[in-house]
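Structure first, commentary second.
Please treat every number below as a calculation from the coordinates, not as lab data. What you see is a predicted model; the values in this text were computed from it and never measured. Neighbour counts run over all protein chains shown; Cβ positions are idealised from the backbone, glycine included.
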Amino acid sequence: MLFIRGPDQLRRIDDPDLRQLVERRCAEICNGEPYDRDVHGDMIVVDVGDGADDLESAVGFPVLTNPFDGHHYGHPDFVPACEVIEDHGHCHEMVFVLSDEGTGVILFVPKRPGVHRELLSMLAAFAVPAVD
């Protein structure tokens, strides 16, 4: 799992398409200001081998379980507790807004072998095409 806490960390993303997307989001969120986690939130790139428990520990809440009704992905009434899931072709982007000020978490989940299957399946089931 890779935490992106400012533009200086973008070079740590090896996939050029993913790096370009995260760079664009970082610029949009920071809007010329220096990155401040309390103001701009977290951007996390999920990596091969990251498990659901790792992800949920990193973000501080369940991703595959709706915390409001307790339904886990696979239950017929499951709905993800996020604002949007976008399909960018090479990855999914999952946005959680956690405060009235708009602070939140953005997860970038590459579509590659070794990335958590259940997470990729859930994202594919609920994603909308990205409008870039």
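Are there trypsin sites (Lys or Arg not before Pro) in the stretch 1-35 that DSSP puts in a loop and that have at most 12 other Cβ atoms within 10 Å, and which ones?
Of the trypsin sites (Lys or Arg not before Pro), not one in the loops of the stretch 1-35 has a Cβ with at most 12 other Cβ atoms within 10 Å.
Among Asp38, Asp87, Asp47, which one shows the biggest mean-square fluctuation in a GNM of the chain, springs joining Cα atoms closer than 10 Å?
So, out of Asp38, Asp87, Asp47, the one fluctuating most is Asp38.
Highest GNM mean-square fluctuation, the chain, Cα pairs closer than 10 Å: which of Val48, Val59, Val22?
Val48
Please give me, ordered by residue number, the GluC sites (Glu not before Pro) of the stretch 1-94 that lie in loop per DSSP and have at most 16 other Cβ atoms within 10 Å.
Glu83
Label His75 and Asp100 with points 7 Å out from Cα along Cα→Cβ: what is the distance between them in nm?
Computed distance between label sites His75 and Asp100 equals 2.9 nm.
With each run of n ≥ 4 DSSP H residues scored as -39500 (n - 2.57), what mean residue ellipticity at 222 nm is computed for the chain after dividing by its residue count and rounding to the nearest 500 deg cm²/dmol?
Theoretical 222 nm ellipticity from helices: -8000 deg cm²/dmol.
If I model a spin label at Val39 and Val128 as a point 7 Å from the Cα along the Cα→Cβ vector, what separation in nanometres do I get?
The answer from the label model is 2.9 nm.
Looking at the chain, I'd like the Rg to Rh ratio, where Rg is from alpha-carbon atoms and Rh is Kirkwood's inverse mean 1/r.
Using Cα coordinates only, the ratio equals 0.94.
Projected onto the charge dipole of the stretch 2-129 (+1 at Lys/Arg Cβ, -1 at Asp/Glu Cβ, origin at the Cα centre), which of Gly114, Gly60, Pro76 gives the Cα projection farthest towards the positive end?
Gly114
Calculate the FRET efficiency for Arg5 and Glu83 from the Cβ-Cβ distance with a Förster distance of 22 Å, rounded to the nearest 0.05.
0.60
Given the stretch 1-120, what percent of its DSSP beta bridges are antiparallel, to the nearest 5?
That works out to approximately 75 percent antiparallel.
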